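No value in this document is a laboratory result; all are computed from the given coordinates. Just so we're clear, the structure is a prediction, and the values are computed from it rather than from any experiment. A quick note on method: Cβ atoms are made from the backbone with ideal geometry, for glycine too, and the neighbour counts reach across all protein chains shown.
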Amino acid sequence: MTTRDAAAAARAQHVRQRADRPSQRRCAEPAGARAAVRAALSGVEVRDTGDGEGGLLEFTGHASVYEQGYEMWDFYGPYTEVVSAGAGSESLARGDLDVPLVLGHDQLRRLARTTTGTLFLNEDDTGLSVRAPALDPGDHDVAYIAPKLRAGLVDEMSFAFRIEAGQWSPDYTEYRITRYDIHRGDVAIVGYGANPHTGAGLSREPAAKPSRARALLEIALAR
């Protein structure tokens with residue numbers, strides 16, 4: 001019997017209901033591993049759309065890819081996890097949605113935030129889409145990560161969230177997340193995480209005059 005089969009058999013014996021969430025959910029075998037899901041970028045594209053130095057940078061990507069399985073671990077061992085299409089719709093529709101774009105899930109290394117109109121999240125045919133249209137290259141963290149994205153040294157994303165609803169498959173080898181809450185979680189640019197399927201890109205916009213920058217921000221906040 002494989003480790004995965006043994007874990008499934010133990011779940012079948014001890015999990016009370018198929019709707020129960022994974023116990024001690026994490027993205028690697030060690031008990032202290034994080035539970036954050038990652039999605040590998042399908043290829044970072046960096047395009048200079050402006051006139052070079054001093055322009056704003058636009059970041060786009062997917063923090064989760066829906067309907068594609070990835071390995072996770074719980075108290076009993078490894079299993080496959082899948083995020084259902086539309087699983088984040090209720091959370092993303094909140095009027096007070098507060099989610100930052102961060103580096104490595106570090107809440108002090110924020111690049112953009114939904115509450116300031118600098119980060120936009122939505123669900124598309126791929127999964128959880130992330131767009132930060134006006135990153136300041138003068139920001140220390142933006143300056144740090146931009147060349148690494150261009151060089152392909154960092155090419156994955158992840159998101160931190162709470163599982164609100166889901167269900168185990170009849171054989172307890174797969175857990176499907178049907179609803180999650182990302183409010184006060186985050187979307188992160190990471191080295192490695194759990195779900196190897198996302199994509200992201202970075203492009204440069206022309207440097208904006210102060211008045212134009214304010215106008216762009218007002219438009220974004222009004223959306």
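When the Kirkwood radius is taken over all Cα pairs of the stretch 67-130, what Stokes-Einstein diffusion coefficient follows at 4 °C and 1.567 mPa s, in µm²/s? Mind showing how you got there, number by number?
Numbers: Rh = 13.8 Å.
For the chosen part, D equals 94 µm²/s.
Restriction of the trypsin sites (Lys or Arg not before Pro) in the stretch 64-149 to DSSP coil positions whose beta-carbon has at most 15 other beta-carbons within 10 angstrom yields ARG94.
Roughly how many debye, to the nearest 20, is the charge dipole of the stretch 79-131 about its Cα centre, given +1 on each Lys and Arg Cβ, -1 on each Asp and Glu Cβ, and no other charges?
Numbers: 5 positive and 8 negative charges, 66 e Å.
Roughly 320 debye for the stretch 79-131.
Summing Cβ point charges (Lys, Arg +1; Asp, Glu -1) relative to the Cα centre of the stretch 91-195 gives a dipole of roughly 220 debye.
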